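Below is one structure, written out as structure tokens; the observations come after it.
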Amino acid sequence: MIMYCTSLPNYFTGLIILERNYLDVYPYDKWSDKELPDFEEGATFVPSVCELRDGTTSKPSLLTEADLVGIMDKNGIGTDATIAQHIDTIINREYVIPRMEGSIKYLVPSTFGIALVNGYNDIGFDRSLSNPQLRREVGWMAR
């Protein structure tokens, strides 16, 4: 859902529950905190609270090899036998640069790696070649 306040878009995500079905018989799953109000296109409303908070954004933390292994496993990319090879490949191709901080190895995206992902995303395919779901599907087709 997009709400415009003056000319600035504000994006909202949540659920609109059409039928409660299993929620009626399984009371332990609470979705009420995720529900969106029932708005119609073009409707106006008066917010109950309007706040402007002071703060700054921060960049996401760098991935460690262990983080990347977990993400690959969660997305079905590679097998236990090939995940280490995939990580070696992205390091050897200089998509990421390993950086040690103490005993932890972080994988820092290189300028080349960032440009490659941005290029894949800008091509305009329905699904980017950098998308983990597409990579998973390609892996399944190769088996």
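The values are calculated or read from the model by the stated rules, or taken from the named source; none is laboratory data. Remember, it's a predicted structure, so these values are computed and weren't measured experimentally. Cβ placement follows ideal geometry from the backbone for every residue including glycine, while neighbour counts extend to all protein chains displayed.
Selection of first residues in segment 7-18 that are at pLDDT 70 or above and surrounded by fewer than 10 Cβ atoms within 10 Å (Cβ to Cβ) and of second residues that are of a type outside the set (V, I, T) and in a strand (DSSP E or B), restricted to Cβ pairs under 6 Å at least 6 apart or on distinct chains, gives the following pairs, ordered by first then second residue: N10/M3.
So that you can scan it fast, the table gives a plain yes or no per residue for (1) aromatic (F, W, Y); (2) within 24 Å of the chain's Cα centre (by Cα); (3) within 30 Å of Y120 (Cα to Cα); (4) part of a loop (DSSP other than H, G, I, E, B):
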residue	(1), (2), (3), (4)
G42	no, no, no, yes
S48	no, no, no, yes
D54	no, no, no, yes
V69	no, yes, yes, no
Y106	yes, yes, yes, no
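Restricting the first member to segment 37-59 and to residues that are in contact (Cβ under 8 Å) with a residue 24 or more places away in the chain, and the second to residues that are in a loop (DSSP other than H, G, I, E, B) and surrounded by 10 or more Cβ atoms within 10 Å (Cβ to Cβ), the beta-carbon pairs closer than 8 Å and six or more apart or on different chains are F39/M1.
Here is the figure for segment 108-143: residues that are outside any helix (DSSP H, G or I), at pLDDT 85 or above and not aliphatic (A, V, I, L, M) total 2.
For segment 51-107: of the residues being closer than 30 Å to N10 by Cα, among the aliphatic types (A, V, I, L, M) and modelled with pLDDT under 90, which is surrounded by the fewest Cβ atoms within 10 Å (Cβ to Cβ)?
So in segment 51-107, the residues closer than 30 Å to N10 by Cα come out as 51-63, 71, 75.
Keeping just the survivors that are among the aliphatic types (A, V, I, L, M) gives 52, 62-63, 71.
Subsequent filtering for residues that are modelled with pLDDT under 90 retains 52, 71.
Numbers: L52: 4, I71: 12.
Here the residue is L52.
Scanning segment 71-85 for residues that are in a helix (DSSP H, G or I), free of Cβ contacts under 8 Å to residues at least 24 places away in the same chain and either closer than 22 Å to E101 by Cα or charged (D, E, K, R) (or both) gives D73, K74, A84. Tell me whether segment 31-40 contains one or more residues that are surrounded by 10 or more Cβ atoms within 10 Å (Cβ to Cβ) and modelled with pLDDT of 80 or more. No, every residue in segment 31-40 fails to be surrounded by 10 or more Cβ atoms within 10 Å (Cβ to Cβ) and modelled with pLDDT of 80 or more.
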